[in-house]
1. Looking at region 169-206, which of the residues that are part of a strand (DSSP E or B) and not β-branched (Val, Ile, Thr) is surrounded by the fewest Cβ atoms within 10 Å (Cβ to Cβ)?
2. For region 111-141, what are the residues that are among the small types (Gly, Ala, Ser) and more than 18 Å from HIS175 (Cα to Cα)?
3. From the list SER205, SER112, pick out the single residue that is touching a helix residue (DSSP H, G or I) at 6+ places or on another chain (Cβ under 8 Å), under 23 Å from ALA63 (Cα atoms) and not charged (D, E, K, R).
4. Could you tell me whether any residue of region 125-139 is in a helix (DSSP H, G or I), of a type in the set (S, T, N, Q) and within 30 Å of GLN56 (Cβ to Cβ)?
5. Which of the residues that make up region 91-127 are more than 17 Å from GLN155 (Cβ to Cβ) and touching an Asp or Glu at 6+ places or on another chain (Cβ under 8 Å)?
6. Is it the case that region 66-79 has a residue that's modelled with pLDDT under 90, part of a helix (DSSP H, G or I) and touching a helix residue (DSSP H, G or I) at 6+ places or on another chain (Cβ under 9 Å)?
7. For ARG54, state whether it is over 16 Å from the mean Cα position of the chain (by Cα) and at pLDDT 60 or above.
8. When you check ALA160 against the structure, is it outside the structural domain of GLY89 (by TED's automatic domain parsing), modelled with pLDDT of 90 or more and under 26 Å from LEU93 (Cβ atoms), yes or no?
Amino acid sequence: MARDSSPQCKQCRREGQKLFLKGERCLTDKCGVERRSYPPGEHGRGRQRQSEYRVQLREKQKARRYYGVLEKQFRNYYEKASRQPGITGENLLRMLECRFDNVLVRLGFAASRRQARQLILHGHWTVNGRRVNIPSYQLRDGDVVAIHTGSTATQVIRDATELTGQVPAWLQADHDSLTAKVLRKPERREIAAPVQEQLIVELYSK
């Protein structure tokens, strides 16, 4: 399975803000953005020309890295979002939010999307009673997520729940039994992603 294996702290530094790709580490002084708040590379501290295209491209790259999606996958999400009724940018973010790996992070069952992907790929979670090992699986209204019976990752998941602040209103979680339910699709105001989706739409509309 294809995945982005580039250093995660460099990805945050490139975008100029924390994308919380490493979970708990991003909350400490070891965070790459805290230690070196400039882009990586030989010319990281130099002046960079802020063209319209550059701003749009950086916003797309930021969204792609935040959700851990490859370029071709992201393009496919955009094309699907553009065919749906409503605002394309909001449709795009809604689809990305409803990915299985992202929902586990929002519920507090994983400290990062990379950890969530690993837990899913190893078969530690079920959806509506059936084991699902596809991180990009789109969860729908009413879907019930639960830890697989006999999973050996229970302690890892419980450790992740301790880092959780508040579960979004469109989700319902029970951290004691490690189960959850998708109540509905999220509204734009409920999506905490640091992304300006309109810039992405402008980039792909060129």
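The values are calculated or read from the model by the stated rules, or taken from the named source; none is laboratory data. This one's a predicted model, so the numbers in the text were calculated from it and none came from an experiment. Glycine also receives a Cβ, built like all others from the backbone with ideal geometry; neighbour counts cover every protein chain displayed.
1. Among residues in region 169-206 that are part of a strand (DSSP E or B) and not β-branched (Val, Ile, Thr), the one surrounded by the fewest Cβ atoms within 10 Å (Cβ to Cβ) is ASP174.
2. Across region 111-141, the qualifying residues are GLY123, SER136.
3. Residue meeting the stated conditions: SER112.
4. Narrowing region 125-139 to residues in a helix (DSSP H, G or I): none.
No, every residue in region 125-139 fails to be in a helix (DSSP H, G or I), of a type in the set (S, T, N, Q) and within 30 Å of GLN56 (Cβ to Cβ).
5. Those that are more than 17 Å from GLN155 (Cβ to Cβ) and touching an Asp or Glu at 6+ places or on another chain (Cβ under 8 Å): LEU92, LEU93, VAL103, ARG106, ARG113, ARG117, ILE120, VAL127.
6. Looking through region 66-79, at least one residue is modelled with pLDDT under 90, part of a helix (DSSP H, G or I) and touching a helix residue (DSSP H, G or I) at 6+ places or on another chain (Cβ under 9 Å).
7. Numbers: over 16 Å from the mean Cα position of the chain (by Cα): yes; at pLDDT 60 or above: yes.
Answer is yes for this residue.
8. Spelling it out, it is not the case that ALA160 is outside the structural domain of GLY89 (by TED's automatic domain parsing), modelled with pLDDT of 90 or more and under 26 Å from LEU93 (Cβ atoms).
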